[in-house]
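These notes concern the structure reproduced below.
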Amino acid sequence: MKNYDHKKIEKKWQSTWEDQALYKVEDKVEGKDNFYQLVEFTYPSGNLHVGHWYAFAVPDIFARYKRMQGYNVLYPMGFDAFGLPAENAAIKLGADPKVWTHTQMDTMRAQLRSMGASFDWDREVVSCEPEYYKWTQWLFNQFLKNDLVYRDITKVNWCPKDQTILANEQVVDGKCERCGEEVEQRNQEQWMIRITKYADRLIDDLDGLAWPDEIKAAQRNWIGRTEGSEIDFKIKDTSESIKVFTTRADTIYGVTYVVLAPEHDLIKSLESKIENIKDVEKYINDTKKKSELDRKQSKEKTGVEVKGLKAINPINNEEVSIWIADYVLSGYGTGAVMAVPAHDERDYEFAKKYNLEIKRVIEPVFFSSDSPLKKDLPIISRNCVCAIIRNPKDGKYLCSVWRDILMHGLITGGIEEGEDMVEGALREIYEETGYKNLKLVNNPEVAIHSFFFHRKKEINREAKFNYLFFDLINEEQDPISEEEAAIHDVVWKTRDELNNFFSVIEGEFVLLLIDNNGQYMFTGEGILTNSKDFNGLNSEEAREKITKAVGGKIVKTYRLRDWGISRQRYWGCPIPIVYDPEGKVHPVPDEHLPWILPTDVDHTPDGTSPLARSKELFDRTEKIFGKGWKPEVETMDTFVDSSWYFYRYLDNKNKDEFASKERMKAWMPIDLYMGGAEHTTMHLLYSRFWVKAMYDLKLVSDDEAYKVRRNRGLILGPDGNKMSKSKGNVINPDEIVDLLGADTVRMYLAFMGPYGLTVNYPWDPNGVVGVRRFLERVWRFKDKLSEGTTTSLIHKAIKKISEDMEEYKFNTSISQMMILLNEWDKQESIAKDEYKLLLKLLAPFAPHMTEELWSLIGEKESIHLQAWPKWDKDKIVDNTLKLVIQVNGKVRTEISVESDKGEEDIKKEALANEVIIPWIKDKEVKRVIYVKGRLINIVV
RNA sequence: GCCGGAGUGGCGGAAUUGGUAUACGCGCGCGACUCAAAAUCGCGUCUCGCAAGGGAUGAGAGUUCAAGUCUCUCCUCCGGCACCA
């Protein structure tokens, strides 16, 4: 019979489906629930690579599966068509960006069709079309009216090569994300969007989203919310004060100086009082010259003291010096910090360089070995970090103690006969460090609670800890004897008991915590006082109390900045703003939208916007608004275009609204959004903001658009590296499709591993052939059909495959079909009904081939309109069970029993089994465990 | 440094969620068909051992009748953030 000719089959069905409008989606279908599955619309780069296949063809498998399950599935596609590459092509090739973009889109549409994806092309959205950007502009104006858009002078990232402003997100390691050129800082007026107003909601609402943790965590990091305190440090003999931001108000006793960022305003206003104003100004100017990159890269801390001024520590009225240093950033917090060198690594570095005082905080906080001072400690070996032992006489740190003391003791067998594990550890401390001036304290009372705070780890509340407490003895005293150093006291306490076990003694200590398995948990050092003020407080509570005591306030600060959307570029959505002769801002009224992008421009970049050279745009503005009126000549960041495109798919031809309420009600929120991990902190965050803003303006009825989001990884070259021309490891999908067919490529991509994880898979040229072999075997079965009924084999497969599909584990779905086929191969023939079931299971993966086979066996209606198979529960049940018999957890043999056999009988049979008898004879059977349908374990 | 994710054969990866570790595919080896090759089919393929059996899921410990899976201490790799106070 006929061979599997993928070329013929795929071409044939693609055009048939199109003729029949098989994938046309109605907004409502009687008896079906709607399912909106979205993938990120694509940039029209003009050539489909393997990444596109992975992004669109694999989700298509899921869309088809959902459709067969009886959902009315919307799976649309469109083009994110504005952006730099079109404009660069215009500059390079002298082409019209619009024409260039359309050519690219035509190529891509043809390639996308070759995937056999079930897109409804009638709903296509193209962001550079006036019908689309009219609504981008309309939304911009809505935001403007509601104070979500403003114009401001800000420091912007400027790419000298692309001659444009970049968003923070587009700067990677101080370089332009696109061209790799080093980014410069410029002050420029531009249009800003108040995304920071939504920072809290963008973080807090993540909790309610069924998204993977990795995505949520990345967004939280990106927004970077920190809770801390703002505290005023008055400047002596002036009316001014310095507002500092700190997350460690509890260390305020340790402040030895205050630092301002070089950009800080205060310097100007106090100029006259600064004795060394020349030096100060020189330092500020020198810093300005340094680029952002230089500033970050320079390891050495620099700064200058502001002489003639002193700040006053509000907790104890101590006078401290004021410094300017560029390790303090103007854009974060208040641009000023209180320096606590004993408890902050950066302050410590700075203090050391300029010989500033390093003062320990005397309060009952238990300091973990995170202390920056540990840097000074001798590291004895690779496996050794330290508990800190300090000489109280001069405050110098004497030595470190084995961090892994107990582990070490165990591993090296360091414990001698008759010696307690802990004793052994202690002896090793002496031997390894040579310091003998340690004494174990009897029944110490310490602020151990902070231990838990510093660990930031939830530790099993029931776990018991054995603590050892070493007191530090002044060297002038007699070293204690070995006998004395033996363990006096081992107390077991639960975490809750430890938390309550708080009162304060004076002294210095080293602490080891050992869990109830004798395992080492923690080592730390600290200073204790009898300060009553913070008795019983943990660090967090201490912070609050101190902040209050000095008249400060608890504030939140964010890493996220407002979103600058102005671009000095041609190929983008024109910002619908005009200026009257006085220079006042006016939005272009709705009736003049879309505010068309003019075509009479020279694209050559010179740092100004190409639109400034459009006569048509200026004429149009004057004609509509009057003489002297001028148009805005900037265009929008393309992330604005992509922030709302998923609404437009629903109603792409609507002339009166961006989408009708009914259509949005029918489809939103999106059930599943699959996309690239690279968009986690950009498009995904911007669009979440956009949707929330639209929600607040009552334009949409959900404040989150994506119910489920899955990120995908990359397809790597066969060598395991990212595909790149320079590496010569690029796989061209068109060639493989030509050779093996679209069905094979789709299916291979699904077979590589689970979908929807940020995991990269290398393309294996042999692996893809394996999938093709499988399809050919399915093909050949069409000649081995017979009458008959379905068996348990296929029903088990249906169950397993259906379950795996729900979790996007297409790889195991496929392997299940392969297992099925391997079984079939052992048979002379298979029932036609079974074959039909397999074809249906395979249809989402290999839509063309299954459609062809479906029609070859005489079916008239498309296989893609068939219902997903259901498994027959009764047929899955086996009447014999295979049970494993274990002895002491080791598998010894296997038996078959009737499935209705009772537990006692099964146990009896197992004990009487001839393979088992030698294993259990002469021994007492202590227990027999039966796990239903799985195994019997005999414990002897 | 902080926050996420992950470590299982030569490779991509499975493992009914604590119950027969290594499914399925690739690769490799042997064989069949063939004058030959390709394709196809069959058998084998974690490791030590002739075998009986033993040992392996990054390392070490713990809980359990039973651990890839749970707990703890580490190590390594990938991703995000980072002079962010």
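Could you tell me which residue of segment A:155-174 is nearest to the chain's Cα centre (by Cα), considering only residues that are of a type in the set (D, E, K, R) and at pLDDT 75 or above?
Applying the filter and picking the extreme gives A:155.
Pairs please, first residue from segment A:218-231 and assigned to a loop (DSSP other than H, G, I, E, B), second anywhere and near RNA strand B (Cβ under 6 Å from one of its atoms), Cβ atoms under 6 Å, 6+ apart in sequence or on different chains.
A:224/A:559
Counting only residues that are in a strand (DSSP E or B) and of a type in the set (S, T, N, Q), which one in segment A:232-267 is nearest to RNA strand B (Cβ to nearest atom)?
Filtering segment A:232-267 for residues that are in a strand (DSSP E or B) and of a type in the set (S, T, N, Q), the one nearest to RNA strand B (Cβ to nearest atom) comes out as A:246.
Give me the pairs, please: first residue somewhere in segment A:820-840 and within 14 Å of RNA strand B (Cβ to nearest atom), second residue anywhere and open to solvent by less than 10 Å² (accessible area, probe 1.4 Å), beta-carbon distance under 6 Å, and either six or more positions apart or on two chains.
A:820/A:797; A:824/A:830
Starting from residues that are open to solvent by less than 20 Å² (accessible area, probe 1.4 Å) and of a type in the set (Lys, Arg), keep the ones in segment A:36-70 and report whichever is nearest to residue A:115 (Cα to Cα).
Ranking the qualifying residues of segment A:36-70, first place goes to A:64.
So for segment A:709-718 (the condition being at pLDDT 90 or above and in a helix (DSSP H, G or I)), does at least one residue qualify?
Looking for residues that are at pLDDT 90 or above and in a helix (DSSP H, G or I), one finds none in segment A:709-718, hence no.
Output the number of the condition that residue A:858 fails; it satisfies all remaining conditions of (1) at pLDDT 85 or above; (2) on the phi < 0 side of the Ramachandran plot; (3) open to solvent by less than 100 Å² (accessible area, probe 1.4 Å).
So the condition that residue A:858 fails would be (2).
Can you tell which of A:698, A:782 is over 28 Å from the mean Cα position of the chain (by Cα) and part of a loop (DSSP other than H, G, I, E, B)?
Residue meeting the stated conditions: A:698.
If you scan segment A:832-851, which residues turn out to be farther than 21 Å from residue A:748 by Cβ and open to solvent by 10 Å² or more (accessible area, probe 1.4 Å)?
A:832, A:833, A:836, A:837
With respect to residue A:811, determine if the residue is within 11 Å of RNA strand B (Cβ to nearest atom), farther than 22 Å from residue A:734 by Cβ and either in contact (Cβ under 8 Å) with a residue 24 or more places away in the chain or not basic (Lys, Arg) (or both).
Yes, satisfied.
Return yes when residue A:896 is among the hydroxyl-bearing types (Ser, Thr, Tyr) and touching a Lys or Arg at 6+ places or on another chain (Cβ under 7 Å) and no when it is not.
Spelling it out, residue A:896 is indeed among the hydroxyl-bearing types (Ser, Thr, Tyr) and touching a Lys or Arg at 6+ places or on another chain (Cβ under 7 Å).
Please go through (1) under 19 Å from residue A:565 (Cα atoms); (2) open to solvent by less than 40 Å² (accessible area, probe 1.4 Å) for residue A:152 and return the number of the only condition it doesn't satisfy.
(2)
Might you check whether a residue that is in contact with an Asp or Glu (Cβ under 9 Å, 6 or more places away or on another chain), in a loop (DSSP other than H, G, I, E, B) and open to solvent by 20 Å² or more (accessible area, probe 1.4 Å) occurs anywhere in segment A:566-584?
Scanning segment A:566-584, I find no residue that is in contact with an Asp or Glu (Cβ under 9 Å, 6 or more places away or on another chain), in a loop (DSSP other than H, G, I, E, B) and open to solvent by 20 Å² or more (accessible area, probe 1.4 Å), so the answer is no.
Under 6 Å between Cβ atoms, at least 6 apart or on separate chains: pull out the pairs that start in segment A:916-940 with a residue that is at pLDDT below 85 and open to solvent by less than 60 Å² (accessible area, probe 1.4 Å) and end on any residue that is part of a strand (DSSP E or B) and more than 9 Å from RNA strand B (Cβ to nearest atom).
Here the result reads A:933/A:881, each pair linking segment A:916-940 to a residue that is part of a strand (DSSP E or B) and more than 9 Å from RNA strand B (Cβ to nearest atom).
Six or more apart or on different chains, Cβ atoms under 7 Å: show the pairs whose first residue is in segment A:752-768 and more than 12 Å from residue A:731 (Cβ to Cβ) and near RNA strand B (Cβ under 6 Å from one of its atoms) and whose second is open to solvent by less than 40 Å² (accessible area, probe 1.4 Å) and part of a helix (DSSP H, G or I).
Correct list of pairs: A:752/A:811; A:753/A:811; A:754/A:811.
Residues in segment A:701-709: is at least one in contact (Cβ under 8 Å) with a residue 12 or more places away in the chain, of a type in the set (Lys, Arg), open to solvent by 30 Å² or more (accessible area, probe 1.4 Å) and more than 13 Å from RNA strand B (Cβ to nearest atom)?
There is at least one residue in segment A:701-709 that is in contact (Cβ under 8 Å) with a residue 12 or more places away in the chain, of a type in the set (Lys, Arg), open to solvent by 30 Å² or more (accessible area, probe 1.4 Å) and more than 13 Å from RNA strand B (Cβ to nearest atom).
Could we say that residue A:695 is free of Cβ contacts under 8 Å to residues at least 60 places away in the same chain, away from RNA strand B (no atom under 16 Å from the Cβ) and among the aromatic types (Phe, Trp, Tyr) here?
So residue A:695 fits the description; yes.
Tell me which residues, restricted to segment A:657-695, are part of a loop (DSSP other than H, G, I, E, B) and over 23 Å from the mean Cα position of the chain (by Cα). Full working, then the answer.
We begin by selecting, within segment A:657-695, every residue part of a loop (DSSP other than H, G, I, E, B); these are A:657-660, A:668-669, A:671, A:680-682.
Answer for segment A:657-695, where residues must be part of a loop (DSSP other than H, G, I, E, B) and over 23 Å from the mean Cα position of the chain (by Cα): A:657, A:658, A:659, A:660, A:668.
Any residue at all in segment A:875-893 that is more than 30 Å from residue A:58 (Cβ to Cβ), open to solvent by 40 Å² or more (accessible area, probe 1.4 Å), more than 13 Å from RNA strand B (Cβ to nearest atom) and among the charged types (D, E, K, R)?
yes
Does residue A:40 satisfy the condition of being touching a residue at least 24 places away in the same chain (Cβ under 8 Å), acidic (Asp, Glu) and touching a helix residue (DSSP H, G or I) at 6+ places or on another chain (Cβ under 6 Å)?
For residue A:40, the condition - touching a residue at least 24 places away in the same chain (Cβ under 8 Å), acidic (Asp, Glu) and touching a helix residue (DSSP H, G or I) at 6+ places or on another chain (Cβ under 6 Å) - is not met.
For segment A:16-30, how many residues meet the condition of being within 23 Å of residue A:651 (Cβ to Cβ) and open to solvent by 20 Å² or more (accessible area, probe 1.4 Å)?
The qualifying residues number 10.
The values are calculated or read from the model by the stated rules, or taken from the named source; none is laboratory data. Owing to the predicted nature of the structure, the values given are computational and were not obtained by experimental measurement. Glycine also receives a Cβ, built like all others from the backbone with ideal geometry; neighbour counts cover every protein chain displayed. Surface accessibility is based on the protein's heavy atoms, side chains included, excluding ligands, DNA and RNA. Shrake-Rupley method; radii C 1.70, N 1.55, O 1.52, S 1.80 Å.
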